[in-house]
Amino acid sequence: MTILRRNFIANTGSALGGSWITLRLPAILATGSTASIAAREQQAFRVLTADEATEYEAIAAHIIPSNDSPGAREAGVIYFIDTVLADIDPSIQAPLHQGLKDFREALLETHGVSLFSQLNLQQQIEALGIIENSEFFGTLRFLTLAGMFSDPS
């Protein structure tokens with residue numbers, strides 16, 4: 001499974017990708033540390049609503065699933081996302097919020113529920129297939145990967 005994960009990470013890119021990391025590397029490293037503390041202490045989210053956090057975390061858990069090693073959920077990636085939105089790049093709050101709203105509308109139309117986290121595993125995989133090339137998913141994928149690997153602990 002490690003080889004598949006490496007291939008996935010190596011082949012994952014988005015418009016936000018390399019230049020965003022290069023310009024903000026010191027801030028990302030600090031954010032990883034701050035987010036790690038927030039996750040350990042189960043602090044309140046600073047930007048995300050509980051509902052948004054649940055949905056983003058459910059999506060992140062598909063991007064880096066738990067298997068023979070910890071995944072995005074265990075790494076507290078949702079706290080990294082919240083910290084990035086609060087401290088590093090608040091400008092992506094609105095597009096993420098709108099992307100989630102649009103995704104929920106599509107879920108309601110296709111599955112009769114508006115919460116991704118309420119779908120069964122197969123339905124979640126199908127739903128992600130529909131948005132995998134969207135800017136919304138690309139941004140969440142990037143933030144998930146950055147959050148997973150920004151803090152060595």
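The values are calculated or read from the model by the stated rules, or taken from the named source; none is laboratory data. Everything numeric in this text was worked out from a predicted model, so none of it was measured. Note that we place each Cβ from the backbone using ideal geometry, even for glycine, and neighbour counts take in every protein chain shown. Ligands, DNA and RNA are excluded from the accessible area calculation, which covers all protein heavy atoms including side chains. Shrake-Rupley method; radii C 1.70, N 1.55, O 1.52, S 1.80 Å.
General remarks:
- Rolling a 1.4 Å probe over the heavy atoms of the protein chains gives region 63-151 an accessible area of 47 Å² per residue.
- Put simply, when 126-132, 74-80 are sorted by average Cβ atoms within 10 angstrom per residue, most first, you get 74-80, 126-132.
- Förster radius 41 Å - calculated FRET efficiency between residue 110 and residue 149, Cβ distance, rounded to 0.05: 0.80
- Chain lengthening between residue 118 and residue 33 when straightened (0.36 nm per residue, less Cα-Cα): 27.5 nm
- Value in Å of the Kirkwood radius, where region 33-91 supplies the Cα pairs that are averaged: 11.6
- Kirkwood hydrodynamic radius computed over region 63-107 comes to 12.1 Å, based on all pairs of distinct alpha carbons.
- Annotation for residue 73 and residue 40: the two label points, set 7 Å from Cα along the Cα-Cβ direction, are 2.3 nm apart.
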